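Reading through the structure tokens given below for one structure.
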Amino acid sequence: MSIKDSNNIFLSFTDTLDDNEKKKKIKESTKKFLEKYLELQNNIKIELPKSNNISKQQSSRNIYEAYQNDKLVLVIGAGVSIEFGIPNWNDLLQKIMVQTIQKDNDVSEVLSSMFNKIFSPNPLISGRYLQSYFENKKESFESVVKETLYTGVDKTKESILFNEIVKLCVAPGKSPNLDSIISYNFDDILEFKLDNTNLDIPYKSVYGVGTEIKIDELPIYHVHGFLAENKKNNPDEKITFGENNYHQQYSDLYSWNNIVQINKFRDNTCLFIGSSLSDPNIRRLLDISLKQKGNKRKHHYIFKKRVSTDFLREKINNLLENSELLTQKNNANLNFDETLKFLRDVHERFEENDSASLGVQTIWIEEWNEIPKFLKKMRENVA
């Protein structure tokens, strides 16, 4: 309850009192309320849940050990492809949505952008709608996604991160090496980078049942489907895009992509790069594999970028433009910098404990360029 709400309730109660009594009661009530508010603020700081995160140094040692023992799986999400021009999930939805609006291109883009910003539709429901729209028009949804996915993409762009990932893939079948790679991306940027090195790197892209993997090949599992830019789509090969696809995955625990993820999550150490762990099916499979491990629990790891102080300061200042919230802050005697630090600590604790509940430890970084440095150090230390 806000200070304003509390005083409103109290004022209605004191309408029956004379003016002197009313003033006295209001003063006493306000004082008690503010004292209680300050007490609650102090209690919140004291009673923050303990972090279930281990140290960054220990995480590094565990990951290095898994790589040395050929038990490390790289799990890559959409974040690794953005630097090449691949749209993120929301941008991809918006770009496809443009094609469903029967206007000229400029008007469609504006309307699509406005629709997403105003109504913020659920991504899974949006995906379901878009799939149904194109299927009803007898058009291949996968072809539409592919065309949208690669528009404006430059796969030749240099990437420090992908350079390091490629170096980790150099010697499949030999030690030390990755166990495999799980990709949640439709794109073929990783395969393009592997093909365009001066080295022969045997790998096998897996995106359906019946794919044979040789002992000297590095498996790259595209568990949400694969849309290679210069390869003709097989009508039987579908991508995981909308709500109906997720419902199918929930009901079919023994589908090849569910089995791959459960096995890798259960038997290996996974390092998540460019992923947020917000996908409901990934969370479900991590939960299943965690239970299957029993007492033999080894952690997985995920890189997460800390919220910058400048970003958080701007957000708080915008919130404090609300006069009621500013009054509450001032009355509670909250120091701005302390509040900022407290909120960031709460956010990090929340993220750490959520990931830990799925068996994933968080590695905090200040900038994304720390990831290739980490991979390089791991590769050189183990070699």
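Each value in this text was obtained by applying a stated rule to the coordinates, not by laboratory testing. Note that the structure is a prediction, hence the values are computed from the model and not measured. Positions of Cβ are generated from backbone atoms using ideal geometry, with glycine treated the same way; all protein chains shown enter the neighbour counts.
Calculate, in nm to one decimal, what K204 and K50 gain on full extension: separation in residues at 0.36 nm each, minus their alpha carbon distance.
So the chain would gain 51.2 nm between K204 and K50.
How high is the relative contact order of region 88-152, in percent, counting Cα pairs under 8 Å that sit 6 or more residues apart?
Relative contact order for region 88-152 comes out at 37 percent.
Among the listed pairs K298/K341; K71/K376; K214/K377; K167/K376; K193/K376, which are separated by more than 20 Å between their Cα atoms?
Too far apart for the 20 Å limit: K298/K341; K214/K377.
Quote the FRET efficiency, to the nearest 0.05, computed for K298 versus Y254 with a Förster distance R0 of 22 Å and r equal to the Cβ-Cβ distance.
For R0 = 22 Å, the calculated efficiency reads 0.35.
For region 88-152, rounded, prolate or oblate, judged on the Cα gyration tensor with a ≥ b ≥ c (square roots of eigenvalues), a/c < 1.5 rounded, else prolate if a/b > b/c?
Judged from the Cα gyration tensor, region 88-152 comes out rounded (a/c under 1.5).
Step through the residues of region 71-86 one at a time and calculate ³J(HN,Hα) from phi using the Karplus curve (6.51 cos²θ - 1.76 cosθ + 1.60, θ = phi - 60°), rounding each to whole Hz and writing x for Gly and Pro.
Going residue by residue, I get 10, 9, 10, 7, 10, 10, x, 4, x, 7, 9, 4, 5, 8, x, 5 Hz, with x marking Gly and Pro.
Is the shape of region 224-270 best called rounded, prolate or oblate, per the rule: a/c under 1.5 gives rounded, else a/b larger than b/c gives prolate, else oblate, with a ≥ b ≥ c the square roots of the Cα gyration tensor eigenvalues?
Note, shape of region 224-270 comes out oblate.
Under the Karplus relation 6.51 cos²θ - 1.76 cosθ + 1.60, θ = phi - 60°, what is the ordered set of whole-Hz ³J(HN,Hα) values for region 221-232, x standing for Gly and Pro?
8, 8, 6, 9, x, 9, 10, 5, 4, 9, 10, 5
Return the long-range amide H neighbours of S205 (sequence gap of 5 or more, or a different chain), with a cut-off of under 5 Å between placed amide H atoms.
The list, which skips near neighbours in sequence, is I220.
Estimate the FRET efficiency between N88 and E158 by the formula 1/(1 + (r/R0)^6), using the beta-carbon distance for r and 22 Å for R0, to the nearest 0.05.
Given R0 = 22 Å and the Cβ-Cβ separation, E is 0.60.
So between I215 and S113, what do we pick up on full extension, going 0.36 nm a residue minus the alpha carbon distance?
32.0 nm
Evaluate E = 1/(1 + (r/R0)^6) for D195 and T309, where r is the Cβ-Cβ distance and R0 equals 51 Å; express this FRET efficiency to the nearest 0.05.
Efficiency computed from Cβ-Cβ geometry: 0.75.
Going down the table (K50/K291; K117/K238; K95/K232; K95/K146; K157/K305; K95/K231), which pairs top 18 Å between alpha carbons?
The answer is K50/K291; K117/K238; K95/K232; K157/K305; K95/K231.
Which of the peptides 120-133, 223-236 is most tightly packed, and how do the rest follow, judged by the mean count of other Cβ atoms within 10 Å per residue?
120-133, 223-236
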